[in-house]
Amino acid sequence: MNVTMTVNGQEVTRDVEPRMLLVHFLRDTLDLTGTHWGCDTSNCGACVVHLDGKAVKSCTVLAVMCDGHRVDTVESLEKDGELDPIQQGFHEQHALQCGFCTPGMIMTARALLNENPNPTDAEIRVAISGGICRCTGYKNIVSAVRWAAEHERAGQEA
Amino acid sequence: MTTVENLPSPSAERPIGFGRLKRKEDARFIRGQGNYLDDIKLPGMLYGALLRSPYAHAKILSIDTSRALAAPNVAAVVTAKDLETLGLAWMPTISYDTQAVLAGDKVRFQGQEVAAVIAVDEYTARDALQLLHARSLAGLADLHQNLMLRLPLMTRPSP
């Protein structure tokens with residue numbers, strides 16, 4: 001069946017099976033492989049994208065459910081060669097090693113800061129609790145999100 | 001010439017190394033541009049799915065692969081019998097032992113791989129798993145019974 005949605009600002013229409021998961025639609029149909037398919041059971045959070053601005057696990061959303069909606073992936077964050085502060089924060093604070101969980105973590109953190117620009121470490125930890133990182137550990141990821149929050153606020157005040 | 005001896009000595013706060021280094025590989029990972037195995041697409045590439053045992057210990061009587069093989073877009077169904085003819089049924093592992101690639105006569109743990117389906121995409125491969133029909137005798141589900149009887153061997157004994 002035909003679905004039309006706005007992915008990273010671009011309207012796309014494709015014929016998909018009703019059962020196709022959003023994560024497969026993004027990765028296999030649109031070749032947006034930045035969103036990762038980790039577990040397909042909602043455990044790992046590697047597939048987190050934004051659906052109408054809210055963080056969702058795209059392995060638990062059907063592509064057809066996004067008909068008429070807006071989907072944003074990690075590929076949308078860099079604007080005119082300018083990295084999102086969260087992307088910068090992950091680099092600055094060494095919040096990744098293998099990078100597999102990173103797109104999900106970054107999209108989760110982006111959704112958090114959109115709603116709460118000044119989160120406590122506890123709030124950051126709750127926000128990223130749906131994601132699993134098996135290399136770096138969560139300490140540096142929390143630091144990265146804090147770094148991003150601080151720099152974003154500083155940028156807005158300046 | 002720079003040698004280890006004349007590099008600046010690490011500061012007291014950073015006793016190991018010379019401070020924090022920025023990683024070059026971050027650039028692609030934070031943009032979603034890593035290239036993981038599952039991100040690679042090659043022309044004519046096929047996908048696999050595995051049928052796993054629901055039983056911890058069972059004798060495999062037969063595996064009927066005909067319906068799965070007849071399904072559209074399924075390229076192959078592999079069982080231990082196929083591997084035996086190729087001499088690939090038992091393979092060395094990184095633990096220096098030899099284990100069954102697919103369960104042949106007997107399943108030795110829950111989740112053990114029993115058959116593999118190769119198809120044009122993941123959805124088709126997983127669909128075809130449901131067309132496989134394995135007949136089995138399940139046994140040794142009880143811990144105490146297990147302890148009294150000989151436990152099934154996970155690995156093939158050394159010759």
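Taken together, the values in this text are just the output of simple stated rules run on the coordinates, not laboratory data. This structure is a prediction, so every number in the text was calculated from the model and none was measured. Neighbour counts are summed over all protein chains in view; Cβ atoms, including those assigned to glycine, are modelled from backbone coordinates with ideal geometry.
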Lysines whose Cα lies under 23 Å from that of residue B:106, excluding same-chain neighbours fewer than 8 positions away:
B:59, B:81
Testing the spin-label approximation: label points 7 Å from Cα along Cα→Cβ at residue B:81 and residue A:60. State their distance in nm.
4.2
Residue (of A:7, A:117, A:100) at the positive-pole extreme of the protein assembly as shown, dipole from beta-carbon charges
A:100
Highest GNM mean-square fluctuation among A:21, A:83, A:51, for chain A with Cα springs under 10 Å, belongs to A:83
Residue A:79: which aspartates and glutamates have alpha carbons under 19 Å from its alpha carbon, excluding same-chain residues fewer than 8 sequence positions away?
A:11, A:52, A:92, A:152, B:26
Give the lysines reachable from residue A:139 as a straight Cα distance under 26 Å; neighbours fewer than 8 places away on the same chain don't count.
A:54, A:57, B:22, B:24
Charges at C-beta only: +1 for Lys and Arg, -1 for Asp and Glu. How large is the resulting dipole of the protein assembly as shown about its Cα centre, in Debye rounded to 20?
1080
Take the protein assembly as shown, compute every pairwise Cα distance, and split them into 10 Å bins from 0; I just need the percent in each bin.
5, 20, 23, 21, 18, 11, 3, 0
Acute angle (nearest 10 degrees) that the helix A:138-157 long axis makes with the longest principal axis of chain A, alpha-carbon atoms:
80
Likely footprinting exposure, A:82, B:113, A:17, A:75, fewest C-beta neighbours within 10 Å first
A:82, A:17, B:113, A:75
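Tell me, A:90, B:109, B:29, A:100 in order of fewest to most beta-carbon neighbours within 10 Å?
Ascending number of Cβ neighbours within 10 Å: B:109, A:100, B:29, A:90.
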For a footprinting-style exposure proxy, rank B:23, B:31, A:134 by other Cβ within 10 Å, fewest first.
A:134, B:23, B:31
With +1 on each Lys and Arg Cβ and -1 on each Asp and Glu Cβ, how big is the dipole of chain A about its Cα centre, in debye rounded to the nearest 20?
540
